[in-house]
Amino acid sequence: MEIIRILNNREIAVVIWLSLLFLWALSISSVRHSFFGILKAFFVKTIIVPLAIMLLYVLLMVLVFKRIGFWDTSALKDTILWTVGAFATFLGLNKVVGDESFFRNAILDNLKLVLILEFIVNLYSFNLVLELVLVPIVTFIVLLNLVAKSKPEYKNVRIVLDYALGLFGLVLIVFTFRELSVDLQNFATLDKTLRDFLLPALFTIVFLPYVYLMALYMQYERLFLRIDFANANAGLARYAKRKILQACHLNLSKVNKCSKNVGLPKLNGKDDVLALIRTALNPTGA
């Protein structure tokens, strides 16, 4: 009940529509069986253990922020919403592993000035009935726009949809600033307003070490499995792993380079291991 109380009308509308969509999907026999199959596959050690570690990491983050006075129960909603986004990142770790620009982009995305405008726009919402109407309409337009962007022949449709979304955004901005002019005193409670704005960005930045270490672990695991598969000599395989660890340490970029060049070739001796690592990390020989 506390969580429901702190949701605004837009968020309540989203929850209602998602719940209805979920119940409708479960009413379809084929979808229901597929869903339970996916759910069963999800509860395996290789997923549950990293997820549990992630949740413990998030809990530790919350406790640290609370300790320094930057978190209290009024930030519970934002924390839950942010955690859902972090879970999506967790599920997409496979993409993170090979994307060395992910971490730089994640930090830059949280420093963009457009976040200020997004934060202000989301401060206020319309009445629940209107939000229940607007949420599916805007979602449908966004999805159509994504489809239109993927096909050059739909360029004119994409332009119209861009204008529609832009007009809706303008209406939200005007409405928000009108509400701000009426409720400026509450908005200007600087400590809470600043906290609400900064908290998701700070959470993301502090969360990145976990993402990095998980990506590093996954890449090492893949590489070592390939080495084991390609080499029957267990002693030589262990030597190769040890040398790769010594050469790469916690450098994901180096592990990625080794992963592209080491593993599948059959190793005939220690000299082969050293040569492969040297070539992988310095392919130009400079």
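The values are calculated or read from the model by the stated rules, or taken from the named source; none is laboratory data. Computed from a predicted model, the values in this text were never measured in an experiment. Don't worry about glycine lacking a Cβ; one is built from the backbone with ideal geometry, like all the others, and counts go over all protein chains shown. Ligands, DNA and RNA are excluded from the accessible area calculation, which covers all protein heavy atoms including side chains. Shrake-Rupley method; radii C 1.70, N 1.55, O 1.52, S 1.80 Å.
The table for this structure:
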item	result
Test result for residue 176, of a type in the set (Val, Ile, Thr), modelled with pLDDT under 85 and in contact with a Phe, Trp or Tyr (Cβ under 8 Å, 6 or more places away or on another chain)	yes
Residue in segment 25-34 that is in a helix (DSSP H, G or I), touching a residue at least 24 places away in the same chain (Cβ under 8 Å) and surrounded by fewer than 14 Cβ atoms within 10 Å (Cβ to Cβ) present	no
Neighbours by Cβ (under 8 Å, 6+ apart or cross-chain): first from segment 227-252, small (Gly, Ala, Ser); second open to solvent by 50 Å² or more (accessible area, probe 1.4 Å) and modelled with pLDDT of 85 or more	247/254
Selection status of residue 17, open to solvent by 40 Å² or more (accessible area, probe 1.4 Å) and in contact with a Pro (Cβ under 7 Å, 6 or more places away or on another chain)	yes
Qualifying residues in segment 50-75 (those that are within 19 Å of the chain's Cα centre (by Cα) and open to solvent by less than 70 Å² (accessible area, probe 1.4 Å)) - the one farthest from residue 106 (Cα to Cα)	52
